[in-house]
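Contents: one structure, followed by commentary.
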Amino acid sequence: MTGTVPTRALLATALVPTLLLTACSGAAETEASGTPTRIVLADAQPVGEFDPVNGYGELGVSPIFEGLLRPESTGDDALPELVPALAAAPPEPNEDNTVWDVELRTDVTFSDGSAFDAEDVVATYSAVLDPDTASEVAGSYSMIESVTALDDHNVRFTLNAPYYAMPARLTLGITSSEEITSGPAADSGRDRNPIGTGPYVLADLSADQAVFEVNPEYHGPEPEVTEMVVLSIPDDNTRAQRMRAGNIDGTVLPPVTAATFADVDGSEVLPVRTAEWRGLSLPSDNPFTSDPDARLAMNLAVDRDGVVENVLAGHGRPSHTPIPDVYGEAHDPDAVFEYDPEAAADLLDEAGWEEGSDGIRVRDGDRAEFTLYYLASDNLRRDLATAFAAEMLPLGIEVDIQGASWDEMEKNTTEAGILLGGGDKPYDLDTQVYATLHSREDGTSTYENPGDFSIPGVDEALEEARAALDPDERVEAYRKVQRAYIENPTYVFMAFVDHTYIAAEDDWDRGPLVLEPHAHGVSWGPWWNLAAWRR
């Protein structure tokens, strides 16, 4: 998504393998030299969706695949720089950013022994763009008109309009052209037999387990962590118990659960900053939420500081728009909703929403009520939805929260609110905000602007930013977006969340953390650059 929820493709951005616990209990094994032969991690996600054509490793963070570019981090408090990975040099645009040329490395081999060249880049991107492939990330590359090989080691991307943010679309994992088949990506078999150029290969995979071993064909320095196992354990409490027992080396947990490890010997809590927002979409086909005054009132009535402190255990920051301050000058610090329940009540009074006999407001026979769905298996989304509903009730707004599956929610996006997570492609502001706020178009993913609202002035400003050659013009265009949104909100953004990880204490030099996207799990946190860990 931009996406706003973990669709199949987004779920696949997390490392999601497992090895039977009986086969890997205990901390990371070591050789006589002290070098680990295995690190054991536990994730909440299911296993097996490793196809880059369907979005796995799309942000250039994957043990198996590399993109033309990859993120290089100085810390999670700043946007990472996108630097060459399979590219030999940074991409070169023409004068109006409609054509981007990329020179490729000549020293790279796929894990199956075949040579990497321009044909593989063309085949991978073309498969994503092919409607018959039904790639879940195709909408993110709609600006690409064609991808062509200029020769064996040079590729040209021709776009259908000027687009300054093209480098952020060049982190897509590249697979061998021989692996590209016709028909739906879901039927291709690439999920379970991935062929990439990254530091690891998938050595074993079953229904609930996978093992990654060092790729003997890898062109970079050999990883010192030579085997990685990830257990798929959906239940938060079970992962926490396994971590306390010392039979895994790391996991991801909700912030309140993670906080219980603060005084656990041998473990450390690692909160990582993100550009991921949590909040709720509002339905356009509901009489109450379709009223702009009602949407503004709800935004005024949310105590975002309280949400961060109580629901996130302090691991996050308030969000009012989908643009955090990590974007520097493009972030408008004045684009906020002051917490003012009294002003919210006055606004509803003026809009004709009067308190009924049961305390719930009504107008022309319509009640101030709507259903808010959250993913039933996600405790943090449940807690955020519960907190929101509790703050709305004193205002005379009834929010019926219901746990559901993504399939159930997908059928009701304009009739019910959805507790969402967004910011799945945060390494440029265009990829962070365009799909979330732009009016829905043909081919738009279900969870991009799911409420199906259009905000006056926002589409134009987003398009202006995409085409602008002058960085100052882009900054002003994005500030226009925020000012227009604050006047006519279509979501209730609540917080930018930290992702909270637990890791066994060790003497590794792990390198810097990275600002994370919506996707999280043990492919991120301190393990996002596992191949670069050194003693």
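Here are some notes:
- Number of residues in segment 338-357 that are surrounded by fewer than 20 Cβ atoms within 10 Å (Cβ to Cβ) and either acidic (Asp, Glu) or assigned to a loop (DSSP other than H, G, I, E, B) (or both): the value is 13.
- Residue within segment 133-151 that is over 23 Å from Pro199 (Cβ atoms), of a type in the set (Gly, Ala, Ser) and in contact with a Leu (Cβ under 7 Å, 6 or more places away or on another chain) present: yes
- Within segment 511-535, considering residues that are in contact with a Lys or Arg (Cβ under 9 Å, 6 or more places away or on another chain) and assigned to a loop (DSSP other than H, G, I, E, B), the one surrounded by the most Cβ atoms within 10 Å (Cβ to Cβ): Pro517
- Residue within segment 197-206 that is more than 23 Å from Trp528 (Cβ to Cβ) and of a type outside the set (Phe, Trp, Tyr) present: yes
- Meets criteria (buried (at least 19 other Cβ atoms within 10 Å of the Cβ) and out of contact with any Phe, Trp or Tyr (no Cβ under 8 Å at 6 or more places or on another chain)) for Tyr373: yes
- Matching residues in segment 134-172 - criterion: being of a type in the set (A, V, I, L, M, F, W, C), assigned to a helix (DSSP H, G or I) and either modelled with pLDDT under 95 or closer than 19 Å to Phe65 by Cα (or both): Ala138, Ala168
- Evaluating Val272 against the criteria (1) in contact with a strand residue (DSSP E or B) (Cβ under 8 Å, 6 or more places away or on another chain); (2) modelled with pLDDT under 95 leaves one unmet condition, (2).
- Residues being in a loop (DSSP other than H, G, I, E, B) and either charged (D, E, K, R) or at positive phi (or both) - total across segment 108-133: 4
- Flag for Pro456 being part of a loop (DSSP other than H, G, I, E, B), at pLDDT 95 or above, under 24 Å from Ser135 (Cα atoms) and out of contact with any Phe, Trp or Tyr (no Cβ under 8 Å at 6 or more places or on another chain): no
- The one condition in (1) loosely packed, with under 14 Cβ neighbours inside 10 Å; (2) of a type in the set (Asp, Glu); (3) in contact with a Gly (Cβ under 9 Å, 6 or more places away or on another chain) that Asp187 fails to fulfil: (3)
Every residue, every condition in (1) part of a helix (DSSP H, G or I); (2) out of contact with any Ser or Thr (no Cβ under 7 Å at 6 or more places or on another chain), yes or no:
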position	(1), (2)
Phe388	yes, yes
Leu393	yes, yes
Asn412	no, yes
Tyr427	no, yes
Asp430	yes, yes
Thr436	yes, no
Glu448	no, no
Asp452	no, no
Glu463	yes, yes
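- Single unsatisfied condition, Tyr485 versus (1) assigned to a loop (DSSP other than H, G, I, E, B); (2) touching a Ser or Thr at 6+ places or on another chain (Cβ under 8 Å): (1)
- Among the candidates Thr444, Thr413, Thr431, Thr436, residue that is more than 30 Å from Arg242 (Cα to Cα), surrounded by fewer than 17 Cβ atoms within 10 Å (Cβ to Cβ) and either in contact (Cβ under 8 Å) with a residue 40 or more places away in the chain or out of contact with any Cys (no Cβ under 6 Å at 6 or more places or on another chain) (or both): Thr444
- Residue in segment 279-333 that is nearest to Gly423 (Cα to Cα), counting only those that are of a type in the set (Asp, Glu) and not in a helix (DSSP H, G or I): Asp332
- Of the residues making up segment 275-322, just one is hydroxyl-bearing (Ser, Thr, Tyr), within 26 Å of the chain's Cα centre (by Cα) and surrounded by fewer than 20 Cβ atoms within 10 Å (Cβ to Cβ), namely Ser284.
- Only residues that are of a type in the set (Val, Ile, Thr) and surrounded by 17 or more Cβ atoms within 10 Å (Cβ to Cβ) were counted across segment 323-337, and they come to 2.
- Filtering segment 61-105 to residues that are closer than 21 Å to Gly423 by Cβ and hydroxyl-bearing (Ser, Thr, Tyr) leaves Ser62, Ser73, Thr74.
The values are calculated or read from the model by the stated rules, or taken from the named source; none is laboratory data. Since the model is a prediction, treat every value here as computed from it, not as a measurement. Ideal geometry is used to build each Cβ from the backbone, glycine not excepted, and the neighbour counts take in all protein chains shown.
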